[in-house]
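Here's a structure for you.
The values are calculated or read from the model by the stated rules, or taken from the named source; none is laboratory data. Treat the numbers as computed from the prediction; the structure is a model and nothing was measured. Positions of Cβ are generated from backbone atoms using ideal geometry, with glycine treated the same way; all protein chains shown enter the neighbour counts. For the accessible areas, the whole protein counts, side chains as well, though only heavy atoms, and no ligand, DNA or RNA atoms are used. Shrake-Rupley method; radii C 1.70, N 1.55, O 1.52, S 1.80 Å.
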Amino acid sequence: MARPLNVLFVSSEVDPFAKTGGLADVSNALPQAIRALDHEVRVMLPRYGVINERKAHLHEMLRLKEIDIPVGGKKHSAGVKSSFLTSTHAKVQVYFLDNPHYFGRHGLYVHPDTKKDYQDNDERFIFFCRGILEVLKRLGWAPDIIHCNDWPTGLIPAYLKTIYRDDPFYAETRSVFTIHNMAYQGVFPASSFPKTLLPADAATEKSVKAHGNLNFLKAGLFHADALTTVSEKYATEIRSSEEFGCGLQDIVQERKADLTGILNGVDYTQWDPAVDELIPHRYDIRTFDLKVDNKRALCAKMGLPFQEKTPLLGIISRLADQKGFDLIGEAFDELLAMNLQIVVLGTGEKKYHDMFEKASQKKPDRIACALTFNNELAHLIEAGADMFLMPSRYEPCGLNQIYSLRYGTIPIVRATGGLDDTIEDVNLAAGSGTGFKFKNYTSSDMLKAIQRAVHAFADQTAWRKLMRNGMGKDFSWEASARKYVQLYRSMVKK
Ligand code: ADP
């Protein structure tokens, strides 16, 4: 039998400790799914100020001041705390890299009040990347694979290929870099480069720079031994055009042979209405008549009049341009004129906060918004809404549309990236499909898809068939975890 692998999974957000989006869900579920396949996996993230020491059961492993990490000309002390992921039966150890100066704040990347990036994000994540490699040596644990995720971890592969290239401790360690979103790149002026302490010859476009700047994502894309992204369609999109590649399409194209698309899965211990402890009325594919009780609860909570025969459309999202809110803005009058109610849960850009607030003030019986981050409400919306809208401009994988399937909440999505890979367009006559798709990024095409859905909802027999189609789909992590393990295996010594 092949030997178990040692994997360190590095991420800047891990549910339930720190979360702004889907990366946190993946960083919780994937390590546990790999652990369930009998590999040794540990997770590492920064020890942010938002993490409650007592609630998260943190205990100290390495005291602050035991290790110094160089950033530019200064040394910064690092500590390590530890806890566990326990949402499945596969227990995974989590390390928190501690430095109160860099991470003892309430935001992950941006100041919670001003919503502006922290000015020292370059130093914070240089410290994180370098700190991990130093801490592992101190802990005496050399992983076969360091699995890096998104720009905050992008310098790790670069360090492994430069400063640590001849370090015997890392002689057998290989790096995987997963792109969860090409648009967030960690771009800093060239003047930030010396803070990395990488050798001077790394300051080129053939290493960690892109378009003259220090670019963390580019560093990962250039130096990692293998690249992955979170759906097959997105793997093709990001090397095909500037629009999806966000200026880094050429390096992705160069590394095409090393890039694999592996779809994200769902942690059904968290996101399944049959076991969901955060919703008032549990149901499954046989008892989904109970779903309407969740709709009633959701309407009550959001202050919307409960109208059983009017479809209730849910939105849960970071309020960012990526997610297609400009289309909703353009189409708002038509949307509010339709036989439809809308609930929105989201936080992000101010212009979208204003847009939704205005609409809900204008038509309080049609649309209600919660412009905050609220996991419990996210679950209630999945359970209570009839349909779920994701009109994304681009979508690496997307999770909420996959959650929606299991909750019998029919997705309406733009056919891009993971949305296209996970949702099958409805054919009402044939009774087939799991959601309503539209292709062109225009408000008129989005409206047509919503109209198709509203029309379909009127025929409850046909609608219930669609609910069953979606609820019967299985996107559990195991299949994807096996693909990651296969990739790891192909990279390490037997
Ligand atoms: P992305 O990673 O681009 O934000 P995904 O669809 O992959 O998009 O994942 C979004 C995750 O974040 C889901 O688990 C969703 O429920 C959650 N989420 C997003 N916004 C909120 C919010 N305002 N409150 C609670 N959960 C949210």
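Of all residues being touching a Gly at 6+ places or on another chain (Cβ under 6 Å) and not hydrophobic (A, V, I, L, M, F, W, C) in the range 43-88, which is least open to solvent (accessible area, probe 1.4 Å)? Just the residue, please.
This residue is Gly49.
Residue by residue, here is whether (1) without any contact (Cβ under 8 Å) to a residue 60 or more places away in the chain; (2) among the aromatic types (Phe, Trp, Tyr); (3) surrounded by fewer than 16 Cβ atoms within 10 Å (Cβ to Cβ) holds:
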| residue | (1), (2), (3) |
| --- | --- |
| Leu335 | no, no, no |
| Leu345 | yes, no, no |
| Lys351 | yes, no, yes |
| Leu389 | no, no, no |
| Leu399 | no, no, no |
| Ser404 | no, no, no |
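Related question: Limited to the range 236-250, what total is found for residues that are more than 16 Å from Thr260 (Cα to Cα), in contact (Cβ under 8 Å) with a residue 12 or more places away in the chain and not charged (D, E, K, R)?
Of the residues in the range 236-250, 4 are more than 16 Å from Thr260 (Cα to Cα), in contact (Cβ under 8 Å) with a residue 12 or more places away in the chain and not charged (D, E, K, R).
Take the range 387-432 and flag every residue that is among the hydrophobic types (A, V, I, L, M, F, W, C) and part of a strand (DSSP E or B).
Met387, Phe388, Leu389, Met390, Ile410, Ile412, Val413 - these are the residues of the range 387-432 that are among the hydrophobic types (A, V, I, L, M, F, W, C) and part of a strand (DSSP E or B).
Could you figure out which of (1) open to solvent by less than 50 Å² (accessible area, probe 1.4 Å); (2) more than 14 Å from Leu45 (Cα to Cα); (3) not in a strand (DSSP E or B) isn't true of Leu108?
Condition (2) is where Leu108 drops out.
Would you check if Val71 is at pLDDT 95 or above, among the hydrophobic types (A, V, I, L, M, F, W, C), on the phi < 0 side of the Ramachandran plot and within 16 Å of the ligand (Cβ to nearest atom)?
The answer is no for Val71.
Of everything in the range 416-446 that's hydrophobic (A, V, I, L, M, F, W, C) and open to solvent by 20 Å² or more (accessible area, probe 1.4 Å), which residue is nearest to the chain's Cα centre (by Cα)?
Residue satisfying both the conditions and the ranking: Leu428.
Still on this structure, please answer the following. Collect the residues in the range 253-267 that are in a loop (DSSP other than H, G, I, E, B) and either of a type in the set (Asp, Glu) or in contact with a Lys or Arg (Cβ under 7 Å, 6 or more places away or on another chain) (or both), keeping them in residue-number order.
Ile262, Asp267
Could I ask something else about it? Go over the candidates Leu447, Leu428, Leu419, Leu389 one by one and state the one that is more than 11 Å from the ligand (Cβ to nearest atom) and closer than 20 Å to Phe475 by Cβ.
The match here is Leu389.
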